[in-house]
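Engineer: Mind having a look at this structure? Questions to follow.
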Amino acid sequence: AQSVTQPDIHITVSEGASLELRCNYSYGATPYLFWYVQSPGQGLQLLLKYFSGDTLVQGIKGFEAEFKRSQSSFNLRKPSVHWSDAAEYFCAVGQVYIFGNEKLTFGTGTRLTIIP
Amino acid sequence: NAGVTQTPKFQVLKTGQSMTLQCAQDMNHNSMYWYRQDPGMGLRLIYYSASEGTTDKGEVPNGYNVSRLNKREFSLRLESAAPSQTSVYFCATGPRTDTQYFGPGTRLTVL
């Protein structure tokens, strides 16, 4: 069964510092990979996704993520965080089974705090 | 376009009471979903509907029922609420393994 691990429950970074949020997955074939952001009191919004092709994908709000098959990882990065980036971030993995069934699995989330 | 709307935004129930969470989307997607979000658990799928007239169980369907009223509306019903159903409930629409669009959530407390 597929699974998604976000090893960091909570990360604190200073405004202007770089950010990397980790995501590891277990799945036999090439998965569909997503990063969502949830601002306080809001629903989830897609930041970026990877289906195939270039392993470095760009998203909204200056975020990027890199798919590394050898490490089963899809880490989210941002070179310089802003106070408005404080939120919870979810990695998700989608897969399509042989008979067409699909499944999307979310990680447990990483809460990002920004300090001035 | 409103996207995905949910009502109510907040609800407090007593154990054993029933209620229905409403969801509507104007994005013309076939699929709709109900998730619950609990601390440290991420989002877990309760039920989904691949198209009007069809519904299927997700990971945690016990204690819930759903109705896909038409293409736009997908409701979630708690027949006899339990404290374990205290959670934040999100409705979403979009393809199962592509971008999903989420509503703002319903915060439910069962006393």
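The values are calculated or read from the model by the stated rules, or taken from the named source; none is laboratory data. None of the values given here were measured: they were computed from a predicted structure. Because the Cβ atoms are built from the backbone with ideal geometry, glycine has one as well, and the counts that use them run over all protein chains shown. Accessible surface is based on the protein model in full, side chains and every heavy atom, while ligands, DNA and RNA are left aside. Shrake-Rupley method; radii C 1.70, N 1.55, O 1.52, S 1.80 Å.
Engineer: Name the single residue that is surrounded by the most Cβ atoms within 10 Å (Cβ to Cβ) among those in the stretch A:1-49 being of a type in the set (Gly, Ala, Ser) and at pLDDT below 95.
Structural biologist: By that ranking, first place goes to A:GLY43.
Engineer: Restricting attention to the stretch B:96-110, does a residue exist that is more than 14 Å from every other protein chain (Cβ to nearest Cβ), open to solvent by 50 Å² or more (accessible area, probe 1.4 Å) and of a type outside the set (Lys, Arg)?
Structural biologist: yes
Engineer: Pick out the one residue from B:SER84, B:SER67 that is modelled with pLDDT of 95 or more and either closer than 17 Å to B:LEU108 by Cβ or in contact with a Cys (Cβ under 7 Å, 6 or more places away or on another chain) (or both).
Structural biologist: The unique qualifying residue is B:SER84.
Engineer: For the stretch B:32-67, give me each residue that is of a type in the set (D, E, K, R) and either over 17 Å from B:PHE102 (Cα atoms) or surrounded by fewer than 17 Cβ atoms within 10 Å (Cβ to Cβ) (or both).
Structural biologist: B:ASP38, B:ARG44, B:GLU52, B:ASP56, B:LYS57, B:GLU59
Engineer: Hey, can you tell me all the residues within the stretch B:4-50 that are small (Gly, Ala, Ser), without any contact (Cβ under 8 Å) to a residue 40 or more places away in the chain and at negative phi?
Structural biologist: B:SER49
Engineer: Considering only strands (runs of 3 or more DSSP E) fully contained in the stretch A:2-116, which possess at least 1 residues that are in contact with a strand residue (DSSP E or B) (Cβ under 6 Å, 6 or more places away or on another chain) and more than 14 Å from every other protein chain (Cβ to nearest Cβ)?
Structural biologist: Per the criteria, A:10-14, A:19-21, A:24-26, A:56-58, A:64-68, A:73-78, A:110-115.
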